[in-house]
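Shown next, in structure tokens, is the structure this report addresses.
The values are calculated or read from the model by the stated rules, or taken from the named source; none is laboratory data. Predicted model only: the values in this text are computed from it and were never measured. Note: ideal-geometry Cβ built from the backbone for every residue, glycine included; neighbour counts use all protein chains shown. Ligands, DNA and RNA are stripped out before the accessible areas are found, and what is left, the full protein with its side chains, is counted by its heavy atoms. Shrake-Rupley method; radii C 1.70, N 1.55, O 1.52, S 1.80 Å.
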Amino acid sequence: AMLALMKEKNFNPESVHEKLFFEKKDIISLDKLGHTIGLHSHYHRKKKEKLSFQEQLDDYSTNKNFLTKLLNKPSNYIKTASHPFGSYNQDTLKVLDNLGVELAFKDSMKIEKEKKMKKINNSKFEIAREDHINILKKIN
């Protein structure tokens, strides 16, 4: 989404690549500064809710293993996640629970009836946050 926006605005990211995109050293630096590092999946697929339980488990496990190895931390270090593109289903929530995640964020401040939500923060794996894309849509 970010690259599409840059193309639409005729912005060349190569000129400021180091300032826009995270590298491994940036994740390590954030962790050392005391920021919480969480899962966001390894492959960042748009339609996570269409993947099987096993595909989601593989995706999040790969992400968790990568981060804990990079940060030289134990496997129980990562406790949070954020759903890519707000895409998830009940299998996703089970995967996160199996991986020891304690809190996950969705990208919507709405009650989503198709996900059987009764309130905005429906569960500890569906904590509402406003996504930058939604903010951009409101100001454009």
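Which residues, taken from the stretch 47-78, are crowded, with 16+ Cβ neighbours inside 10 Å and not in a helix (DSSP H, G or I)?
Once the filter is applied, which keeps residues that are crowded, with 16+ Cβ neighbours inside 10 Å and not in a helix (DSSP H, G or I), the stretch 47-78 yields 51, 78.
Need the failing condition index for residue 47 against (1) at pLDDT below 95; (2) closer than 12 Å to residue 95 by Cα, just the number.
Residue 47 satisfies all of (1) at pLDDT below 95; (2) closer than 12 Å to residue 95 by Cα except (2).
Restricting the stretch 92-140 to residues that are part of a loop (DSSP other than H, G, I, E, B) and hydrophobic (A, V, I, L, M, F, W, C), which is nearest to residue 38 (Cα to Cα)?
Ranking the qualifying residues of the stretch 92-140, first place goes to 101.
For the stretch 26-46, which residues satisfy the criterion of being within 17 Å of residue 69 (Cα to Cα), open to solvent by less than 100 Å² (accessible area, probe 1.4 Å) and either touching a residue at least 40 places away in the same chain (Cβ under 8 Å) or part of a helix (DSSP H, G or I) (or both)?
Listed by number, the residues that qualify are 26, 27, 28, 29, 30, 31, 37, 38, 39, 40, 41.
Name the single residue, out of those in the stretch 79-91 being touching a residue at least 24 places away in the same chain (Cβ under 8 Å) and in a helix (DSSP H, G or I), that is most open to solvent (accessible area, probe 1.4 Å).
Going through the qualifying residues, I end up with 85.
Report, by residue number, each residue of the stretch 14-25 that is in a helix (DSSP H, G or I), open to solvent by 70 Å² or more (accessible area, probe 1.4 Å) and modelled with pLDDT under 90.
14, 15, 18, 19
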